[in-house]
Amino acid sequence: MVMLQLDHVAVLGETLDEAAAHVERALGVPMIPGGQHERYGTHNRLLGLSPELYIEAIAVDPALAPPKEARWFGLDRFAGPPRLDKWVLRCDDIDAALKALPMAGHPVHLERGDLAWTMAVPEDGLLPFDGLFPALMQWRSPVPPGKTLAASGLALEGLCVSHPEVDALRDLLAPHLDTTGLAFETGAAGLRARIRTTHGTVTLE
């Protein structure tokens, strides 16, 4: 059976500066430059988390040509204040993962610098459960960012996934989850991450 582990969480914004500032205000640590994703017309910044995780701030990149397909993470329709909006699970066999969870999308092979990965992306860019279904991926480069980003002094203590139909979401994922500190609760669609910092534990939403 394919197993899924938490790889990173993503804060979306109408601009990358807004998304990164949202993270930095909450955690008190600056994010570092990431790069561009030409296929989807986006760019990002990154921040390492223990244990071997990271936070991604991501937004539409106005310097890139609009993509021919829908942007990932539902960024074509994102509006409003920046927020923690996506969680990404990695696996060792994306084809097996999509056979088990076809609603995650279709596999797209991507590269940037020395990184290579395959991401599951829905045709319309919109993940199920109002975007709260996790994005699925498989790293094809030997050392993923979670192992190479500089230590930030931050650690993820827990991630809570909230949705009105959270029982159905949990039931779909439960047989495949291999990660700790994950909670599901019934409520408005959203994510909350508890992150330990040098000035105590804070909640990133």
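The values are calculated or read from the model by the stated rules, or taken from the named source; none is laboratory data. Note that this is a predicted model, so its numbers are computed, not measured. Every residue, glycine among them, receives a Cβ derived from its backbone with ideal geometry; neighbour counts consider all protein chains shown.
If only one of 46, 98, 64, 89 is more than 20 Å from residue 151 (Cα to Cα) and in a strand (DSSP E or B), which one is it?
Numbers: 46 fails: more than 20 Å from residue 151 (Cα to Cα); 98 fails: in a strand (DSSP E or B); 64 fails: in a strand (DSSP E or B).
From the options 46, 98, 64, 89, the qualifying one is 89.
Anything in region 143-160 that is outside any loop (DSSP other than H, G, I, E, B) and touching a Leu at 6+ places or on another chain (Cβ under 6 Å)? List them, or say none. It would help to see each step written out before you state the result.
Here is the first cut: in region 143-160, the residues outside any loop (DSSP other than H, G, I, E, B) are 145-148, 155-160.
Within region 143-160, 146, 156, 159 qualify.
Give the residues of region 6-21 that are of a type in the set (Asp, Glu) and either surrounded by fewer than 20 Cβ atoms within 10 Å (Cβ to Cβ) or not in a strand (DSSP E or B) (or both), sorted by residue number.
Scanning region 6-21 gives 14, 17, 18.
When region 161-172 is examined, which residues are found to be under 20 Å from residue 84 (Cα atoms) and either part of a helix (DSSP H, G or I) or not hydroxyl-bearing (Ser, Thr, Tyr) (or both)? Give the derivation first.
Going residue by residue through region 161-172, those that are under 20 Å from residue 84 (Cα atoms) are 161-166, 169-170.
Scanning region 161-172 gives 161, 163, 164, 165, 166, 169, 170.
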Problem set entry | Residues located in region 155-202, provided they are surrounded by fewer than 13 Cβ atoms within 10 Å (Cβ to Cβ), of a type in the set (Ser, Thr, Tyr) and modelled with pLDDT of 95 or more | 186, 201
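Going through 54, 40 one at a time, which residue ends up being within 22 Å of residue 136 (Cα to Cα) and in a strand (DSSP E or B)?
Details: 40 fails: in a strand (DSSP E or B).
Going through 54, 40 in turn, the sole match is 54.
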Problem set entry | Single match in 15, 42 (criterion: farther than 22 Å from residue 114 by Cα, without any contact (Cβ under 8 Å) to a residue 60 or more places away in the chain and of a type in the set (S, T, N, Q)) | 15
Exercise. In region 121-138, how many are of a type in the set (S, T, N, Q) and surrounded by fewer than 19 Cβ atoms within 10 Å (Cβ to Cβ)?
Worked result: 0
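What number of residues in region 25-37 are more than 18 Å from residue 113 (Cα to Cα) and either part of a strand (DSSP E or B) or among the aliphatic types (A, V, I, L, M) (or both)?
4
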For this session: Output the residue which, of all residues in region 183-203 that are touching a helix residue (DSSP H, G or I) at 6+ places or on another chain (Cβ under 9 Å) and in a strand (DSSP E or B), is farthest from residue 26 (Cα to Cα).
Result: 186
Problem set entry | Complete set of residues in region 101-139 that are part of a loop (DSSP other than H, G, I, E, B) and at pLDDT below 95 | 113, 114
Exercise. Any idea how many residues of region 40-60 are over 14 Å from the mean Cα position of the chain (by Cα), buried (at least 19 other Cβ atoms within 10 Å of the Cβ) and at negative phi?
Worked result: 2
